[in-house]
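Engineer: What follows is a structure written as structure tokens; I'll ask about it next.
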Amino acid sequence: MKLQRFLAVFSSRNKEFLRDRSALAWNILFPVLIVMGFAFAFSGESLDLYKVGVIKEQAPATRPEFLATRYIQFIPVTELNAAIIKVERHQLDMLLDLAARRYWINDSSPKGYILEQVLRGTSSGEFSKQAVSGRGIRYVDWVIPGILAMNMMFSALFGVGYVIVRYRKNGMLKRLKATPVTPFEFLAAQVASRLWLIMAVTVTVFIGTDLFIDFRMLGSYLDLFIVFALGAVSLISLGMVVAARTASEELAGGLLNLLSWPMMFLSGVWFSLEGVHPLLKKLALIFPLTHLTEAARAIMIDGAGLLDIAPHLLALAAMSGLFLAIGSYLFRWE
Amino acid sequence: MATLLEVKDLVKHFRGVRAVDGVSFTIAKGICFGLLGPNGAGKTTTVEMLEGIKAPTRGEILYKGEPLGPRFRHEAGIMFQSTALQDFITVGETLELFQRFYSKCRPLPGIIESCSLQGFLDRDTRKLSGGQRQRLLLAIALVNDPEVLFLDEPTTGLDPQARRNFWELVQTIKALGKTIILTTHYMEEAYNLCDEIAIMDHGKIIAQGTPKALLTEHFDDVVLQLPREEFPAGRDHLPMTIVHSRNAVEILTNDVNATIQQLLALGVSLAHLQIRPRTLEDLFLELTGRELRS
């Protein structure tokens, strides 16, 4: 590989992308609009019900009067730590441990405060308070890693897959074949160009929407950057596989849609895969977007480190390697 | 003269069709070699195999005695029949892009001047006229100061003025000692530019040599042209070969004086008489029984 030829293709592809104002604007506006739309649509309080988690490891001798209060939903929980996290995230307004006579509320939750007053009024002095803190997770906090990942997927698949097919169809690849440029130099330049463009757009959208929405980000920004970069590489490589031989833009468009639509709905971008059929859950693991979304979400919402999401990173790295190998093996100029 | 390219028994099949059917020739260094023939004769397929773009089904191509390889790609300049250039970059940037692909380059200002690109260097390549675009594609083919230059139907679709300008440009490149391989279906173009030609039809070479030698080999006559309306009807029994072409009557003769006297004796007006030598177009018709552009 000769760096000069790689850089020549790389920089001319960048110019093409940056000068195509309408496409550039769309690449940035599209995710911003979706994020803003969700933030607006889910901004109201969705449930008026009070939710109290109740740990029932041992049945208490007397049932507290509190449990008979109306308009409170009592949810049995078995695992203490998971339930405390839910209180931190405002998914539970209160957690009650009947056996140990303890309760947890989130100091920043108004509902927690009301429930505390109710509890004191009905079962005065019986329970000791365990305060936790933590901001509530809005749907927009939960969905934003997925939206960023999904936008990345479209940009990667279509920006590489579709563009290389267009180059092949209009004869540009034939012209390059007649020069000393090797397929590896050409493909590496396409991947590199798309990678930095995707990362630049994602960082811009992230910063831009965060200014307005101030979403939850507990993990390290560097870790998130690494996850997004690796995810982008895997999706770009997938686009390369589609573009390796396809000569018709229609066929390429069809194949890319065939890949992107199932990923969009089955990778847990919009809704959690917790409750879906186990088979579907397994199927989702073959999509790079699933690993990208879950890893990014774990970093942003749970503050996970790279070690915690190592399985996702390994899957993304393995997929990238596999797709790159297949893509360059199958690649033909014409 | 040293041989630059050697082609031995080249065959190319496309889904059962023999597009090129056993073609052999050699091209000496420094000449302009023309591949002529009608559309679909196999010219472009042949030349794309020479360029290393298509792999032959059978046969051998040697450049400087070696099979085509990286050396060839560095030393060849190629102008395809149609090439899309990258969108959103200018003429100047396109030239720089291609120049960075090669280790040995000719300075751009010289190329820009000889191809007359000065006026539109900053223009987007999508906004060029036909002639400007062809000059840019030629300039791209010249960025690596090639030893051998391939021009595949370079003037197809150009107006007559742009075509003549392009011919002049090719003549100046020829003067630099470059080897040129040209395909065309314009016989005039081949006659003006080529030192040697091979005429192709149905994937085979049916005649090869210098244009002059080919003409003298096949013809010893000239053509007398008269407007159709000045030629008396019902004279088909005249002792001369008469060819009716579209607007004129053409008489083939190897004794102009005698024919003119015969025509005068018949009372034919010679006011609009034209005498022309035989052309490559006639040669093609003679060899195949078909007109080149039919």
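Here, each number is a calculation from the coordinates, and none is a lab measurement. Predicted, not measured: the structure shown is a model, and the values here were computed from it. So basically every Cβ, Gly included, is an ideal-geometry build from the backbone, and we count neighbours across all protein chains shown.
Engineer: Pairs of Cα atoms under 8 Å, at least six residues apart: use those to get the relative contact order of region A:50-130, whole percent.
Structural biologist: Relative contact order of region A:50-130: 33 percent.
Engineer: Still on this structure, please answer the following. For an R0 of 35 angstrom, estimate the FRET efficiency from the Cβ-Cβ distance between residue A:102 and residue A:221 and round to the nearest 0.05.
Structural biologist: 0.45
Engineer: Note down the nm distance, to one decimal, between modelled labels 7 Å out along Cα→Cβ at residue B:204 and at residue A:81.
Structural biologist: Taking the simple label geometry, residue B:204 and residue A:81 are separated by 8.5 nm.
Engineer: Under a point spin-label approximation (7 Å from Cα along Cα-to-Cβ), what is the residue A:7-residue B:159 distance to one decimal in nm?
Structural biologist: According to this spin-label approximation, the distance is 4.3 nm.
Engineer: Only bridges with both residues in the protein assembly as shown count here: give the DSSP antiparallel percent, nearest 5.
Structural biologist: So the antiparallel bridges amount to about 55 percent of the total.
Engineer: Moving on. Just to verify a number: FRET efficiency for residue B:57 and residue B:167, C-beta to C-beta distance, R0 = 41 Å, to 0.05?
Structural biologist: In this case the efficiency is close to 0.75.
Engineer: Which whole number gives the average count of other chain Cβ atoms within 10 Å of the Cβ atoms across peptide B:97-105?
Structural biologist: Averaged over the peptide's residues, the number is 5.
Engineer: Kindly identify chain A as rounded, prolate or oblate by the Cα gyration tensor criterion: order the square roots of the eigenvalues as a ≥ b ≥ c, call it rounded if a/c is under 1.5, otherwise compare a/b with b/c, prolate if a/b is larger, else oblate.
Structural biologist: Prolate, since a/c reaches 1.5 and a/b exceeds b/c.
Engineer: At what distance in nm do the modelled label points of residue A:14 and residue B:15 sit from each other, each positioned 7 Å from its Cα along Cα→Cβ?
Structural biologist: In this crude label model, residue A:14 to residue B:15 measures out at 4.2 nm.
Engineer: Counting other Cβ atoms within 10 Å, keep those with at most 10, restrict to DSSP loop, and tell me which trypsin sites (Lys or Arg not before Pro) in region A:1-42 are left. Write out the running numbers ahead of the final one.
Structural biologist: On the way: sites: A:2, A:5, A:13, A:15, A:19, A:21; in loops: A:2.
Of the trypsin sites (Lys or Arg not before Pro), not one in the loops of region A:1-42 has a Cβ with at most 10 other Cβ atoms within 10 Å.
Engineer: Could you calculate the contour length gain from residue B:250 to residue B:145, that is, 0.36 nm times the residue separation minus the distance between their Cα atoms, to one decimal place in nm?
Structural biologist: Between residue B:250 and residue B:145, full extension yields 33.2 nm more.
Engineer: Still on this structure, please answer the following. Name the residue, out of A:163, A:118, A:191, whose mean-square fluctuation peaks in a Gaussian network model built on chain A with Cα pairs under 10 Å.
Structural biologist: A:118
Engineer: So which helices of chain A fit the span-like rule, where a helix is a whole DSSP H run, its Cα atoms reach 20 Å or more along the axis, and its mean Kyte-Doolittle is at least 0.5?
Structural biologist: A:21-41, A:139-156, A:183-213, A:221-243, A:249-266, A:310-330
Engineer: Next up: Rounded to whole Hz and in sequence order, give me ³J(HN,Hα) for region B:180-193 from the Karplus expression 6.51 cos²θ - 1.76 cosθ + 1.60, θ = phi - 60°, writing x for Gly and Pro.
Structural biologist: 10, 10, 10, 10, 7, 10, 9, 5, 5, 4, 5, 5, 6, 9
Engineer: Can you give me the pair-distance distribution of region A:109-177, C-alpha pairs, 10 Å bins, whole percents?
Structural biologist: It works out to 15, 21, 15, 13, 11, 9, 8, 6, 1, in whole percents.
Engineer: To continue, here is another question. Debye sum, Cα scatterers, the protein assembly as shown, no solvent: what log₁₀ I/I(0) at q = 0.06, 0.08, 0.11 1/Å?
Structural biologist: Computed log10 I(q)/I(0) values: -0.53, -0.75, -1.08.
Engineer: For region A:139-330, calculate the relative contact order in percent as a whole number, restricting contacts to Cα pairs under 8 Å that are 6 or more residues apart.
Structural biologist: 37
Engineer: Let me ask something else. How crowded by other chains is A:178-189, given as the mean number of beta carbons from other chains within 10 Å of each beta carbon?
Structural biologist: If you average over the peptide's residues, the count of other-chain Cβ atoms is 4.
Engineer: Among A:279, A:95, A:322, which one shows the highest mean-square fluctuation when chain A is modelled as a Gaussian network with alpha-carbon springs under 10 Å?
Structural biologist: Of A:279, A:95, A:322, the most mobile in the Gaussian network model is A:279.
Engineer: Debye calculation, C-alpha points only, no solvent: report log10 I(q)/I(0) for chain B at q = 0.12, 0.16, 0.17 Å⁻¹, in the same order as the q values.
Structural biologist: Calculated log10 I(q)/I(0) at the listed q: -0.84, -1.23, -1.34.
Engineer: I would also like to ask the following. Taking 45 Å as R0, compute the FRET efficiency from the Cβ-Cβ separation of residue A:137 and residue A:24 and round it to 0.05.
Structural biologist: On the way: r = 32 Å, r/R0 = 0.72.
Given R0 = 45 Å and the Cβ-Cβ separation, E is 0.90.
Engineer: Among the lysines, which have Cα under 29 Å from the Cα of residue A:129 when same-chain residues fewer than 8 positions away are ignored?
Structural biologist: Of all the lysines, those that pass the test against residue A:129 - Cα under 29 Å, at least 8 places apart if same chain - are A:51, A:56, A:86, A:111.
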